[in-house]
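K.L.:
Below you'll find the structure I mean.
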Amino acid sequence: MAIVDLDDPAFERLLRERTSSIVHGRPRTPSDLVFMGARELRDLKRLNEVKKWIEPNGAIWVVFLKGKQATIRDIEVMAAAKAVGLIDNKVVALSSTHTSIRLVIPIALR
């Protein structure tokens, strides 16, 4: 599991309760999960690079602000994903301030 551009100690503590196999930044080998923080629309350009970090059946969770503080909209995350060959298949409220969209490689391309 990898975390990139996401500084949330409480969230990381929760992850560490489930696994000790967490790296910050690019993992040495393909990962099943990458949690990628995005604060601005330009941060989504990194999806093409991060896509290479996941296993064929892995996922990238893009985490961003929700509500009035939001600087990115879910449709912008979905469009950025589509532009690099990923699809969205789940949206969750990660906390009272953040939402997350799961992006995966389409089954036909795995």
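K.L.:
Mind sorting Ile72, Ile87 by how few other Cβ atoms lie within 10 Å of their own Cβ, fewest first?
P.N.:
So the ranking, lowest neighbour count to highest, is Ile87, Ile72.
K.L.:
Moving on. How high is the FRET efficiency from Ala70 to Arg110, r the C-beta distance, R0 35 Å, rounded to 0.05?
P.N.:
0.65
K.L.:
Specify whether the C-alpha gyration tensor of the range 1-64 places it in the rounded, prolate or oblate class, a ≥ b ≥ c being the square roots of the eigenvalues: rounded for a/c under 1.5, otherwise prolate if a/b is larger than b/c and oblate if not.
P.N.:
oblate
K.L.:
Here is a further query. Taking the DSSP beta bridges in the chain as the whole, what percent of them are antiparallel, to the nearest 5?
P.N.:
55 percent
K.L.:
Which whole-Hz couplings ³J(HN,Hα) result when phi for each residue of the range 56-66 is put into the Karplus expression 6.51 cos²θ - 1.76 cosθ + 1.60, θ = phi - 60°, listed in order with x for Gly and Pro?
P.N.:
Per-residue couplings from phi come out as x, 9, x, 8, 10, 9, 8, 10, 8, 5, 10 Hz.
K.L.:
For the chain, what is the number of Lys pairs with C-alpha distance below 18 angstrom, counting only pairs 8 or more positions apart or on separate chains? Mind dumping the intermediate values first?
P.N.:
Numbers: Lys45/Lys82; Lys51/Lys82; Lys51/Lys90; Lys52/Lys82; Lys66/Lys90; Lys82/Lys90.
For the chain, qualifying lysine pairs total 6.
K.L.:
Modelled label-to-label distance, Asp5 and Lys82, 7 Å Cα→beta-carbon offset: nm?
P.N.:
2.1 nm
K.L.:
Got a sec? How would Ile75, Ile3 order by Cβ neighbour count within 10 Å, fewest to most?
P.N.:
Ile75, Ile3
K.L.:
Taking the number of other C-beta atoms within 10 Å as the exposure measure, put Asp74, Asp43 in order starting with the fewest.
P.N.:
By the 10 Å Cβ count, ascending, the order reads Asp74, Asp43.
K.L.:
Okay, moving on. Each residue of the range 22-32 in order: what ³J(HN,Hα) in whole Hz does its phi give by Karplus 6.51 cos²θ - 1.76 cosθ + 1.60, θ = phi - 60°, with x for Gly and Pro?
P.N.:
Result, rounded to whole Hz: 10, 10, 9, x, 5, x, 5, 10, x, 10, 7.
Any read-out appearing in this document is the output of simple, stated calculations on the displayed coordinates, not a laboratory observation. Every value quoted in this text rests on a predicted model; they were computed, and no experiment measured them. Here the Cβ is made from the backbone with ideal geometry for all residues, glycine too, and neighbour counts use every protein chain on show.
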